[in-house]
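Comments concern the structure below.
The values are calculated or read from the model by the stated rules, or taken from the named source; none is laboratory data. What you see is a predicted model, and the numbers here were worked out from it, not measured in a lab. We place every Cβ from the backbone using ideal geometry, glycine too, and count neighbours over all the protein chains shown.
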Amino acid sequence: MLEKRLASLLVIVVSFCTAPFYAQEGDLGTEVVNIVKPYTPTISDAFKVKETPVLNDSVNAQKKEVNYSIFSVPVASTFTPAKGKAATVEKAKPIKLYDNYATLGFGNYTSILGELYSNFELSRTDNAGFFFRHNSSQGDIDGVLLENKFYNTSLDGNYSSRQRDASYRLDAGVKHQLFNWYGLPDSFEEQLILLNETFDVQQTYFSGYVGGSIAVDESFFDKISAKVQFLSDAYGSSEFNINTQPEFSFPLTDFTLKIDGDVDYLSGSFDRIYFAEIPIDYSFLNAGIAPSLVYINNDLTLSLGVAAYLSMDSEASDTNFSIYPRINASYRLVDELLIVYGGTEGGLEQNTYYDLKEINPYVSPTLFIMPTKNLYNAFGGLKGKLSNSVGYNLRASYGKAENKALFQINPINDIAPTETYQYGNSFQVVYDAINTLSVFGALQVEISEAFSLGINGEYFSYNTTNQAEAWNLPDLKATIFSNFNITEQMYGGASLFYVGERKDQIVAYSPLIDPFPTVVTLDGYVDLNAHFGYNVNDRLSIFLKGSNLLSDNYLKWYNYPVQGIQGLLGATYKFDW
């Protein structure tokens, strides 16, 4: 295209240069030239210049071939690179678990603590084990003239089997206990010194039990448990108790129907009543059924039910039928932070000689036994976690019970006493209808894996019907406890208990003593306990326990002071057979 433009321009220039010469020779005349359109070049007029043009040089130098080679020179070096390897995560050493342990400790007041636990894995599904425990002290309580030693020895065994669709367990055990009615009133101390310093106030209990349970998977029949228990003492008393509790479950569309059963048979006897050699016999058969509808979802748990009991007193030829409410509900308002719960519970509670002496071993073998009707106990509260390490629980309740068992000091019989528990140094059981208001609070703090702290307290207010006071029931209970690890080998813990004031009543059947009943108040007491331990290795550990470290010989029961500061040093050894 460029060459055409240059050619056109050359034609025009030549035309102008030759024009004068023509004019001198003659008149050529005029001519009109009409330009139809201007010159418009097309794409075909252009061509692409080759990137590598062909050179027509007369001299074309030939490129010389170049050969490369490496000239290696050895260099001395002391550097040796290390072989690379994958980084590993440090694993904690697994804790060795042993199937058996033995504990032996000795302390002041000639105290002895002994324990032996052993477990045997018979097969992949069957296990057997036994547990022996002995705790004793020679007493030596300051200011107490009578013998005040005690022994508590027990041996328990079990056998369990876990099959494909069911599991069952068998239990058996025996227990031997020895206590002394050493809480003699001050008015008899001088007489005791003058008359008989070897006044025998010893009481022994011997008990045994056989029981078991069967649980079935994926069946409407969930579980059944049964227990047969026997008790006797040094004064000819005896008691026989059979209890069985079947459990059934029927899944419905949105609810689950649960049916719990309770059959309890109790029979026992005492050789005499407190003031005369008249035997006491008692026999009760209680049969109960408790159906309930249970609903559970992510936030709501609801149980609506009742409990119906038929109680037959064979000795009194009396039969009673009663119904009690059993309603429980909880709702998660804010995940685990705030859970609201409430409901009302009731039922029939059969009192037994075994249970009463477990609470107060200084009862006389002259008790009147009957069941307690817990008509209702309405409660409501809040619980949850303020954080992953702080949990709380607040609850208030109000309940009513008929024939609630209360411990009261026995009257003094110094006219014609025949038994060593008739000097105002033993306790009887009285019954009354009582309304109870309770306020409870608890706080649990896990400061770290090495330190935890907890506190709880409960306030009680009682309203009795026939008795002047709710005998020997405290108005306040509080506990502070902690556990901590000092090092990997050293650990410890401490607990502080407070029990508020209680009241008892002295009734004298003697012309020498004021016959009118006298109400006495037992002061509240504080009990500080602590323990420390050192793990010598994964098998052996040494421990030191201290009890009643404030050295307060407080009265747990009227005229029954406890031991002062108690220390116990011992060791625990873990092993495998």
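Descriptive notes on the structure:
- When the test is whether a residue is hydroxyl-bearing (Ser, Thr, Tyr), more than 20 Å from Thr103 (Cβ to Cβ), out of contact with any Pro (no Cβ under 6 Å at 6 or more places or on another chain) and modelled with pLDDT under 95, Thr479 does not pass it.
- Test for Tyr525: is it buried (at least 16 other Cβ atoms within 10 Å of the Cβ) and out of contact with any strand residue (DSSP E or B) (no Cβ under 7 Å at 6 or more places or on another chain): no
- Residues in region 214-244 that are among the polar types (S, T, N, Q), at pLDDT 95 or above and surrounded by fewer than 17 Cβ atoms within 10 Å (Cβ to Cβ) were compared, and the one that is nearest to the chain's Cα centre (by Cα) is Ser225.
- Scan region 320-352 for residues that are closer than 20 Å to Leu302 by Cβ, surrounded by 18 or more Cβ atoms within 10 Å (Cβ to Cβ) and polar (S, T, N, Q) and the total you get is 1.
- Taking the conditions (1) in contact with a strand residue (DSSP E or B) (Cβ under 6 Å, 6 or more places away or on another chain); (2) surrounded by 14 or more Cβ atoms within 10 Å (Cβ to Cβ) in turn, Leu300 satisfies each one other than (2).
- Residue list for region 486-499, filter: buried (at least 17 other Cβ atoms within 10 Å of the Cβ) and not in a strand (DSSP E or B): none
- Scanning region 561-576 for residues that are assigned to a strand (DSSP E or B) and surrounded by 17 or more Cβ atoms within 10 Å (Cβ to Cβ) yields a count of 6.
- Inclusion of Asn393 among residues that are in contact with a Gly (Cβ under 7 Å, 6 or more places away or on another chain), modelled with pLDDT of 95 or more and surrounded by fewer than 19 Cβ atoms within 10 Å (Cβ to Cβ) is warranted.
- Complete set of residues in region 248-282 that are closer than 30 Å to Ala234 by Cβ, within 40 Å of the chain's Cα centre (by Cα) and of a type outside the set (Gly, Ala, Ser): Asp264, Tyr265, Leu266, Phe270, Tyr282
- Qualifying positions in region 117-139 - in a loop (DSSP other than H, G, I, E, B) and without any contact (Cβ under 8 Å) to a residue 40 or more places away in the chain: Leu122, Ser123, Arg124, Thr125, Gln138
- Of the candidates Ser161, Ser187, the single residue that is in contact (Cβ under 8 Å) with a residue 12 or more places away in the chain, polar (S, T, N, Q), more than 29 Å from Ala287 (Cα to Cα) and not in a strand (DSSP E or B) is Ser187.
- When region 403-418 is filtered for residues that are surrounded by fewer than 21 Cβ atoms within 10 Å (Cβ to Cβ) and of a type in the set (S, T, N, Q), the ones remaining, listed by number, are Asn403, Gln408, Asn413, Thr418.
Conditions tested, residue by residue: (1) of a type outside the set (A, V, I, L, M, F, W, C); (2) at pLDDT below 95; (3) surrounded by 13 or more Cβ atoms within 10 Å (Cβ to Cβ).
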position	(1), (2), (3)
Asn463	yes, no, no
Gln505	yes, yes, yes
Pro511	yes, yes, no
Asn529	yes, no, yes
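- Residues that are of a type outside the set (A, V, I, L, M), surrounded by 17 or more Cβ atoms within 10 Å (Cβ to Cβ), in contact with a Leu (Cβ under 8 Å, 6 or more places away or on another chain) and under 30 Å from Leu386 (Cβ atoms) are absent from region 252-268.
- Leading residue by the ranking (surrounded by the most Cβ atoms within 10 Å (Cβ to Cβ)) among those in region 353-390 that are without any contact (Cβ under 8 Å) to a residue 60 or more places away in the chain and among the charged types (D, E, K, R): Lys373
- The residues of region 524-560 that are part of a loop (DSSP other than H, G, I, E, B) and more than 14 Å from Phe497 (Cα to Cα), listed by number, are Val536, Asn537, Asp538, Arg539, Asn553, Tyr558, Asn559.
- Some residue of region 242-258 being outside the structural domain of Thr153 (by TED's automatic domain parsing), under 21 Å from Ile359 (Cα atoms) and out of contact with any Cys (no Cβ under 9 Å at 6 or more places or on another chain): yes
- In region 286-310, the residues that are in the same structural domain as Ile323 (by TED's automatic domain parsing) and more than 21 Å from Asn377 (Cβ to Cβ) form Cβ pairs under 7 Å with partners that are assigned to a strand (DSSP E or B) and among the charged types (D, E, K, R), at six or more places apart or across chains, as follows: Asp299/Arg332.
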